[in-house]
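FYI, it's all coordinate maths here, none of it is from the lab. Treat the numbers as computed from the prediction; the structure is a model and nothing was measured. Cβ sites come from the backbone with ideal geometry, for glycine too, and all protein chains shown count toward neighbours.
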Amino acid sequence: MGKLDNLSILIVEDDPTVRLLVKKALEHHGGSVFEAENAAEALDMSQKPNLDMIILDLRLPDGNGYDVCIEMRNNGIKTPVLILSADHETDIKVKNLNAGADDYLTKPFSIEELLARIEAIRRRSTISNGTELKCNELKINVIDRQVTIKGVEIDLTNSEFNLLAYLTKNKGKVISLDELAENVWGIDFNTQTNYINVYVSYLRKKIRKHSSFKYIHTVRKQGFKVDCGEA
């Protein structure tokens, strides 16, 4: 078995040459690959059961990957998404991550880099060796990727889930912005920007709807930590 261990991957790319090259490379490394060449096909095929990952080009003939990603997330599709784009600007990367994408790879890229990004996404999607993380009234099911407080499920994006799970796995430890950027997003962006703070704010707001307990603490000039207090 190759590196991808029969991972089921959907490639959404309108350029048939690029699509074929990526398909053959992923199959060579053990992937099971499906293809879509436009936004409509992508939205339809994203609902395939047991799909492990979606590689999504930004520029499509009937739309763009950014809108496709938003619609997939609105439809409840939680399959990890890797965006492909020729745009190198940090704000474009951040915009697509905010739309629910899990990673962003700029063109041109090598197959080795693509495989590394896929592996990084897989690793972040299985943050803990156990099946559940517990913190006070908060429970995180790592297998089903579900978060509940007092038995009520909280709807989180993939990035929000990964951020909360990583902080909770390291509860009591101060995690720097650099460590969060590397282990939660696996993407090189300027940690002096407000990006991670915004995501922490999203999490706090969603948690606050169900609990008055303060789980995520800001440690000035150092980072963030999760405090579970007394259960």
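Numbers below:
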item	result
Value of Rg/Rh across the range 9-69 [Cα atoms, Kirkwood radius]	0.95
Alpha-carbon Debye profile of the range 132-226, log10 I(q)/I(0) at 0.18 Å⁻¹	-0.78
Amide H partners (placed H, <5 Å) of residue 104, local residues excluded	83
5 angstrom amide H check on residue 59, placed H, neighbours 5+ away	65
Coordinate range along principal axes, alpha carbons of the range 8-125, Å, largest first	32, 32, 30
Whole-number D in µm²/s for the chain (Stokes-Einstein; Kirkwood sum over Cα pairs; 20 °C, 1.002 mPa s)	117
Estimated dipole of the chain in Debye, rounded to 20 [Cβ of Lys and Arg +1, of Asp and Glu -1, Cα centre]	1360
Residues 135, 228, 69, sorted so that the one with the fewest Cβ neighbours within 10 Å comes first	228, 135, 69
Longest DSSP-loop-exposure-free segment, GluC sites (Glu not before Pro), the chain, at most 11 other Cβ within 10 Å	90-229
The range 99-170: trypsin sites (Lys or Arg not before Pro) falling in loop per DSSP and having at most 11 other Cβ within 10 Å	150
